[in-house]
Amino acid sequence: ITEAGSLVVTGNIREIEKPLAPEIYNFQNESKFPMVAKKDFYKELRLRGYHYNGAFRAVRSARTDGLYGTVEWDYNWVTFMDAMLQIQILGTDSRSLLLPTKIRKLRINGVHHFNMINKIDPENRVIDVYVDHKNNRIVAGGIEVIGLHASPVQRRKPPGIPVLEQYEFLPYLPAPEMTLSNAARICVQLALENMSISKVKLVEVDTDGRDTVLTKFIDAIEDLPIVTGEYMYLTDRKIDEIPGIHIENGKVENLSNYHFIVAGGTRGDLNEDVIMNAQKVLVDNGYLLLRERPTTNISNLKLPEQFHLITVIPIDNNEEVFVLLQNISKKLQLQPTVVKVSDSDMKFEWISQVQSAISMKSAVVAYAFNEKHNGLVGLVNCLRKEPDGNLVTCFYIDDPKAPEFNLADPFYSSQFALGLAFNIYRHGTWGSLRHLNLPVNDEVKPRLDHIYGNVIQRGDLSSLRWFEGPLDPEDCIIKIAYSSLNFRDVMLATGRLATELYGSNRIDQSCVLGFEYSGINMQTGRRIMSMVVKGGVASYVDKPSKLIWNIPDHWSLQDAATVPVVYITVYYAFFMATDIRKGKSILIHAGTGGIGLAAIRVALAYNLDVYTTCSTPLKKKFLLDTFPQLEESHIGNSRDTSFEQMIQCETDGKGVDFVLNSLSEDKLLASVRCLGQSGHFLEIGKFDMANDTKLGLGCFLKELTFHAVLADSLLVAPDDDIWVIIFCTILLLRFIDNLIKSHFACST
């Protein structure tokens, strides 16, 4: 099937003469996993990157283990079968975006399907869906999906630059010293939480010739989703254009419905003119920001009567202080309904109280008193975004010395009179919680805790970063000194190999880079080299694998980190998967790679006739210089299939006895054709196996054997096979030592 000339799907369709109804087996009705409704189901899928809409939102309910659900039948086969596949997504503990790429068999028994539909309520057409993980089957009605295979795909990179912020308590009076950028953020956040607006109008009046601060307000607003701004700068000076700001020589009294006015202070004719006209220019609860000098005595500052003093923020440039005033609302303040929100109220009686008060258009004061884990602030923040949510005010008391909450108490009534949406009392002062810029510290410091390396975005090697890990160094046995990056790590980082191959849940998939390392055993002090399934690019290993070796005294830790993977792979391929013999021939692909170099060295030591491939003339010269025993005519190109012709010519059409392959796709198939009678194919790459690449059976007429050489499988071998690992470990050490000694003997 093609669409617009592109292949969509391949397969065979045939009619079954005597179709059978799909059987349902291995299903357990009783389960500890709860059912989730349609809304919650698609919310979870949306978090995972699946954005289903319209008729494709056909799942009515699903069990959270992904083994059972119900799907709505609307006489649309496509949406119904798609919903069948959606249910099993819940059974995977992963945030990866998995899309179906292969189905071994899809059987549809239309007669049985419609017989079932005729038996169900026409007003509630839902069909049960059963997922059988053991046999990889999904059954619903007369439809049976067998052998579903899903592959992870890359998510689209989120647009823009991430906003990095910290969340902390800041007192209103006195506020701590702030950067100009953070001071602007505080002012914007105050305005947005006290006024239900999505567009902020700001005007700054140039009263003393200082540079405008509107650019800082623009930065603060642009970091917020949905919110936009309109900015004006009134000045009689000739200045260059400022992006995003309308500049004109005008009067502030000609403006109206602004949320912010910024002026130079309280002194001077221009400032006094701005203050005098501010109330009619501002909306109710609008803000007047005065840029006072640091030498100004704030306590003696004469403030306009129609404004409340909200906060005073010293700026760290030692040139000014922000004095933020709020326009007193002309609306009559109603007697509020006081509601205590407590985490000990398991009946949630406060919900009906809040609902009733809002429905009566009554002001609500929701308060929490000395409860560390109370979510009142977040609750009120959400309520104020609902219709009539501006009626709700938050008082969060987090100080054991504070008096019992009572609005009749002047301690609370004076704060309530300010009309602020959020009033938090902590450390003996009133304040609020604010999002501030996260300071970037470029100073390089030694890390003593557990860290690991990973890419933020698979496919983007420039996103490789260090992350804080979950391990406690005091509980770890191995401290890593050097980690090696292998081809497998490159494939994982670039996204050509799925992280799901090395972990079934999100925790296991978070730290997959690193296959081998060298380090120190913290218990014995020994220098060791080892392999791990994953997480070798890190500072510590908590559970070392069974494959661990002492490092010979004449090796450095740096050199030792490059040994385990390549030599155990070669040993596994040459002596465990098969058994190489003197006088035989072998084709070793990618000869200048780590495994390639080790394999050539071993093959030459065992007097094999060696053929190899590389990708550039420079690498070819390196091979000839490193291994004088190699013949130039025995080195082919690994970038295409021309090496096949080289093998047939050099062996008179007989082919080679062994192929150690790491190439993929058409080059893999060409490598199989390079084998002679009773040849052995040793596959060390995972790309084609992960993609289930087809290999015709005709090649096996030559009595070939195909071996998957997966050295990492030794790391998870069961205890019954421990003797194999121990035997392999001992022989590998002797093997490497003898090989290196013979190499140095030849060199001298």
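The values are calculated or read from the model by the stated rules, or taken from the named source; none is laboratory data. Bear in mind the structure is a predicted one, so any value in this text is a computation, not a measurement. Positions of Cβ are backbone-derived with ideal geometry, glycine not excepted, and every protein chain shown enters the neighbour counts.
Considering 259, 246, which residue is touching a Gly at 6+ places or on another chain (Cβ under 9 Å) and not aromatic (Phe, Trp, Tyr)?
259
With region 196-258 as the region, which strands (runs of 3 or more DSSP E) entirely inside it contain at least 1 residues that are aliphatic (A, V, I, L, M), farther than 30 Å from residue 392 by Cβ and free of Cβ contacts under 8 Å to residues at least 24 places away in the same chain?
Because the criterion is at least 1 residues that are aliphatic (A, V, I, L, M), farther than 30 Å from residue 392 by Cβ and free of Cβ contacts under 8 Å to residues at least 24 places away in the same chain, the strands (runs of 3 or more DSSP E) in region 196-258 that meet it are 245-248.
If you take the residues of region 195-206 that are out of contact with any helix residue (DSSP H, G or I) (no Cβ under 6 Å at 6 or more places or on another chain) and farther than 28 Å from residue 267 by Cβ, which of them is surrounded by the fewest Cβ atoms within 10 Å (Cβ to Cβ)?
Going through the qualifying residues, I end up with 198.
Inside region 637-676, can you point out the residues that are assigned to a loop (DSSP other than H, G, I, E, B), modelled with pLDDT of 90 or more and out of contact with any Gly (no Cβ under 6 Å at 6 or more places or on another chain)?
638, 639, 640, 641, 651, 652, 653, 663
Identify, by number, the condition in (1) within 29 Å of the chain's Cα centre (by Cα); (2) more than 30 Å from residue 232 (Cα to Cα); (3) at pLDDT below 90 that residue 121 doesn't meet.
(1)
Say whether the condition of being surrounded by fewer than 19 Cβ atoms within 10 Å (Cβ to Cβ), on the phi < 0 side of the Ramachandran plot, of a type in the set (Asp, Glu) and not assigned by TED's automatic domain parsing to the domain that holds residue 492 is met by at least one residue in region 676-690.
Among the residues of region 676-690, at least one is surrounded by fewer than 19 Cβ atoms within 10 Å (Cβ to Cβ), on the phi < 0 side of the Ramachandran plot, of a type in the set (Asp, Glu) and not assigned by TED's automatic domain parsing to the domain that holds residue 492, which makes the answer yes.
For a quick check of your reading: which strands (runs of 3 or more DSSP E) sit entirely within region 481-581 and have at least 3 residues that are buried (at least 19 other Cβ atoms within 10 Å of the Cβ) and either modelled with pLDDT of 85 or more or within 23 Å of the chain's Cα centre (by Cα) (or both)? Don't jump to the end; show me each part of the working.
Details: elements: 516-521, 527-531, 548-550.
Counting at least 3 such residues, we get 516-521, 527-531.
With the structure loaded, tell me whether residue 385 is assigned to a loop (DSSP other than H, G, I, E, B) and in contact (Cβ under 8 Å) with a residue 40 or more places away in the chain or whether it fails that test.
yes
Only one of 49, 110, 147 is in the same structural domain as residue 9 (by TED's automatic domain parsing), within 23 Å of the chain's Cα centre (by Cα) and either of a type in the set (Gly, Ala, Ser) or crowded, with 18+ Cβ neighbours inside 10 Å (or both); which?
49 is the lone residue from the list that is in the same structural domain as residue 9 (by TED's automatic domain parsing), within 23 Å of the chain's Cα centre (by Cα) and either of a type in the set (Gly, Ala, Ser) or crowded, with 18+ Cβ neighbours inside 10 Å (or both).
I want to confirm something. Restricting to region 137-149 and keeping residues that are modelled with pLDDT of 90 or more and of a type outside the set (Val, Ile, Thr), which single residue is farthest from residue 84 (Cα to Cα)?
Out of the qualifying residues, it is 147.
Mind listing just one residue for me: the one in region 221-231 that is out of contact with any Gly (no Cβ under 8 Å at 6 or more places or on another chain) and of a type in the set (A, V, I, L, M) and, of those, nearest to residue 201 (Cα to Cα)?
Result: 227.
Going by the structure shown, is residue 638 under 30 Å from residue 103 (Cβ atoms), buried (at least 19 other Cβ atoms within 10 Å of the Cβ) and in contact (Cβ under 8 Å) with a residue 12 or more places away in the chain?
no
Contact list please: Cβ distance under 7 Å, first residue in region 302-318 and surrounded by 15 or more Cβ atoms within 10 Å (Cβ to Cβ) and of a type in the set (S, T, N, Q), second residue assigned to a strand (DSSP E or B) and modelled with pLDDT under 85, pairs at least six apart or on different chains.
Every condition considered, no pair remains.
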